[in-house]
1. Test each condition in (1) among the hydrophobic types (A, V, I, L, M, F, W, C); (2) modelled with pLDDT of 95 or more; (3) surrounded by 11 or more Cβ atoms within 10 Å (Cβ to Cβ) for F107 and report the one that comes out false.
2. Only residues that are open to solvent by less than 70 Å² (accessible area, probe 1.4 Å), assigned to a helix (DSSP H, G or I) and within 17 Å of I75 (Cα to Cα): list them for segment 9-32, please.
3. Kindly evaluate I47 against the criterion of being open to solvent by 40 Å² or more (accessible area, probe 1.4 Å), assigned to a helix (DSSP H, G or I), farther than 25 Å from L83 by Cβ and in contact with a helix residue (DSSP H, G or I) (Cβ under 6 Å, 6 or more places away or on another chain).
4. Check E74 against each of (1) open to solvent by less than 90 Å² (accessible area, probe 1.4 Å); (2) in contact (Cβ under 8 Å) with a residue 24 or more places away in the chain; (3) not hydrophobic (A, V, I, L, M, F, W, C) and name the one condition it does not meet.
5. So, in segment 33-44, exactly how many residues are more than 17 Å from the chain's Cα centre (by Cα) and outside any helix (DSSP H, G or I)?
Amino acid sequence: MSVTKAEQLSADPIYDALKAAIISGALAPGEPLRQDAIALKHGVSKIPVREALLRLEVDGFVLFRKNRGAIVREISAAEILNLLDVRVALECKALELAIPNMVDQDFAKLAAIL
């Protein structure tokens, strides 16, 4: 089943609201995400809710369990440490690429921040 552009657009606010609730902790890890309840809350059909949940699954916020629906994904301490390792590596590489292009004003701003 393909999703129309209108359904994708109506999924955007649902995606944003659910993502914000997960990040803030308003939706706890392991908490079930009931499509009917979410659709009712947002005044839409289940199709844009399902689209939003699928996007959240791709982004790592939600897990779908066979015959049980979607739940908020729990992230382990090991996963967080791995993500931090990747972030540090990317930031170091970005800095390595940026420094040769910096001018005196950039260094002055950095000194002020430090």
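1. (2)
2. Matches in segment 9-32: L18, K19, A20, A21, I22.
3. Values: open to solvent by 40 Å² or more (accessible area, probe 1.4 Å): yes; assigned to a helix (DSSP H, G or I): yes; farther than 25 Å from L83 by Cβ: yes; in contact with a helix residue (DSSP H, G or I) (Cβ under 6 Å, 6 or more places away or on another chain): yes.
The answer is yes for I47.
4. Going through the list (1) open to solvent by less than 90 Å² (accessible area, probe 1.4 Å); (2) in contact (Cβ under 8 Å) with a residue 24 or more places away in the chain; (3) not hydrophobic (A, V, I, L, M, F, W, C), E74 breaks only (1).
5. Pass one, segment 33-44, residues more than 17 Å from the chain's Cα centre (by Cα): 34-44.
Right, trim to outside any helix (DSSP H, G or I) and you get 34, 43-44.
Residues meeting the conditions: 3.
The values are calculated or read from the model by the stated rules, or taken from the named source; none is laboratory data. Because the structure is a prediction, the values reported are computed rather than measured. All Cβ positions, even for glycine, are placed from backbone atoms using ideal geometry, and neighbour counts span all protein chains on display. SASA here: full protein model, heavy atoms, side chains in, ligands and nucleic acids out. Shrake-Rupley method; radii C 1.70, N 1.55, O 1.52, S 1.80 Å.
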